Amino acid sequence: MKIMIVFGTRPEAIKIAPVILALRRMTDFSVQVCFTGQHRDMAMPIMELFGIEPDLKLTITNRSLCDSVAEILQQLDVLFRQENPDLLLVQGDTNSVLAAALAAFYHRIPIGHIEAGLRTFQKFLPYPEEMNRLLTTRLADLHFAPTQQAKENLLHEGVKEENIFVTGNTVIDALHLMLKKIDCASGNGGSLQRFFPFLQPSRKLLLLTGHRRENQGEGLVEICNVLRRIALLRDDVQIVYPVHPSPQVRNTVLPLLQNTANIHLTAPLDYLHFIQLLHQSYCVLTDSGGVQEEAAALGKPIILLRETTERPEIAQMTRVITTGTDGSRIWNAVLQLLDTPVQTEICYNPALGKGDAAEHIVHAIMECFRSEDE
Ligand code: UDP
């Protein structure tokens, strides 16, 4: 059985790598990995970290959302004709996912969708991801829902129960692989210090990520302004912000936060170092989906820089304060967390799975194709 996996961005690379590794351990499958190039610089180092070399690469220009979908569609049209896989696997909610699913549908190739069923029920939150995920559900045949709630959402939309598999979220698999590497690396604390020499062990580390389209512009300005005020007010904190390479993000963040005491702006970090930093952090401020999941699994409190979430399970795992981009809500949330002792222990609540989601997905695929053969 020939399975093609198409991915394009950093979060997809992180969440699909455990599935690729699990599929490659099985002899039943021939696996082809295709990289669309959507996040060319951020996604490839992750694949290297997991020891995966894509078999196929598309070349897209990424000029606009429409361009990237059109280019992926056209190039996969050729590739699917040549390769004719028995199953396409995609993960998540990006343009690469939607375009690949649509191309597979036109070629009548069955589609498996990993991390299916997450919903905010708001068309533009997050944008374009909510709609990408919803449309991919319509196109997909096998739905790998990370949680029971995601399954309920799919059932509610009329997806047949026999096509939904609750597997856990593969981000937990990826996180466990990173934690093993961190444990194995001799002198873990030392290596963090070597990589981030500016960190001061006596200060509380606030880790910030923010780049969502719907937060760009005014929202991001407000986030930067309030964090600048906090960094200047509190000499017991240090803020680390790996800045997304998107020009809309960099052009806002750099002028507002560069050269601010207690704020360290970095390039996007490689995944292992990001998880190390998250592990050492006091709390996380983020508008990212994956970072919320990883922070929750590590028991870190989250200040959620979004108004709504498609991941309600996270509030069962850790403390979440939802602030959106409102400066005074962020200010209050940060001061509240700083002034109340925070317990940061690894969370054993399996709301997002136990780190074996990839195995569940592979098992479900085998079962489906076996029952088809019978
Ligand atoms: N991440 C990383 N380096 C960074 C920032 C984030 O490796 O400097 C990882 C993070 O651990 C998480 C993923 O990137 O797994 C989140 O990506 P993003 O926020 O772009 O997407 P989302 O999860 O919101 O779809």
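Condition check for residue 12 on (1) surrounded by fewer than 22 Cβ atoms within 10 Å (Cβ to Cβ); (2) among the charged types (D, E, K, R); (3) in contact (Cβ under 8 Å) with a residue 24 or more places away in the chain; (4) not in a loop (DSSP other than H, G, I, E, B): one failure, at (1). Restricting to the range 103-130, and then to whatever is part of a helix (DSSP H, G or I) and touching a helix residue (DSSP H, G or I) at 6+ places or on another chain (Cβ under 6 Å), can you tell me which residue is nearest to residue 67 (Cα to Cα)? Among those that are part of a helix (DSSP H, G or I) and touching a helix residue (DSSP H, G or I) at 6+ places or on another chain (Cβ under 6 Å), it is 103. Taking (1) within 16 Å of the chain's Cα centre (by Cα); (2) within 25 Å of residue 209 (Cα to Cα) in turn, residue 19 satisfies each apart from (2).
What about residue 293, is it over 16 Å from the mean Cα position of the chain (by Cα) and either near the ligand (Cβ under 8 Å from one of its atoms) or on the phi < 0 side of the Ramachandran plot (or both)? Considered against the rule, which asks whether it is over 16 Å from the mean Cα position of the chain (by Cα) and either near the ligand (Cβ under 8 Å from one of its atoms) or on the phi < 0 side of the Ramachandran plot (or both), residue 293 comes out as no. Selection over the range 20-44 of residues that are within 14 Å of the ligand (Cβ to nearest atom) and in contact (Cβ under 8 Å) with a residue 60 or more places away in the chain gives a count of 2.
Condition check for residue 357 on (1) closer than 18 Å to residue 231 by Cα; (2) within 23 Å of the chain's Cα centre (by Cα): one failure, at (1).
Evaluate the following for residue 309: is it open to solvent by 10 Å² or more (accessible area, probe 1.4 Å) and hydroxyl-bearing (Ser, Thr, Tyr)? Judged against the criteria, residue 309 is a match. In the set (1) in contact (Cβ under 8 Å) with a residue 60 or more places away in the chain; (2) buried (at least 16 other Cβ atoms within 10 Å of the Cβ), residue 84 fails one condition alone, (2).
If you check residue 78 against the conditions, is it under 20 Å from residue 140 (Cβ atoms), outside any loop (DSSP other than H, G, I, E, B) and of a type in the set (Val, Ile, Thr)? Steps first, please.
Details: under 20 Å from residue 140 (Cβ atoms): no; outside any loop (DSSP other than H, G, I, E, B): yes; of a type in the set (Val, Ile, Thr): yes.
It is false that residue 78 is under 20 Å from residue 140 (Cβ atoms), outside any loop (DSSP other than H, G, I, E, B) and of a type in the set (Val, Ile, Thr).
Can you find even one residue in the range 95-110 that is over 24 Å from residue 246 (Cβ atoms), buried (at least 18 other Cβ atoms within 10 Å of the Cβ) and among the aromatic types (Phe, Trp, Tyr)? No, the range 95-110 contains no residue that is over 24 Å from residue 246 (Cβ atoms), buried (at least 18 other Cβ atoms within 10 Å of the Cβ) and among the aromatic types (Phe, Trp, Tyr). When restricted to residues that are surrounded by 13 or more Cβ atoms within 10 Å (Cβ to Cβ), modelled with pLDDT of 95 or more and not in a helix (DSSP H, G or I), the range 39-74 contains 7. Applying a threshold of 9 Å to beta carbon distances and a minimum spacing of six or more residues, or different chains, the list of pairs starting in the range 45-65 at a residue that is on the phi > 0 side of the Ramachandran plot and ending at one that is in a loop (DSSP other than H, G, I, E, B) reads 62/37; 62/38; 62/39.
Looking at residue 114, is it touching a Ser or Thr at 6+ places or on another chain (Cβ under 8 Å), β-branched (Val, Ile, Thr) and open to solvent by 10 Å² or more (accessible area, probe 1.4 Å)?
On the way: touching a Ser or Thr at 6+ places or on another chain (Cβ under 8 Å): yes; β-branched (Val, Ile, Thr): yes; open to solvent by 10 Å² or more (accessible area, probe 1.4 Å): no.
Against the criterion (touching a Ser or Thr at 6+ places or on another chain (Cβ under 8 Å), β-branched (Val, Ile, Thr) and open to solvent by 10 Å² or more (accessible area, probe 1.4 Å)), residue 114 does not qualify.
The values are calculated or read from the model by the stated rules, or taken from the named source; none is laboratory data. The model shown is predicted, which means the values in this text are computed figures rather than measured ones. Neighbour counts are summed over all protein chains in view; Cβ atoms, including those assigned to glycine, are modelled from backbone coordinates with ideal geometry. Just the protein is used for accessible areas: all its heavy atoms, side chains included, with ligands, DNA and RNA removed. Shrake-Rupley method; radii C 1.70, N 1.55, O 1.52, S 1.80 Å.
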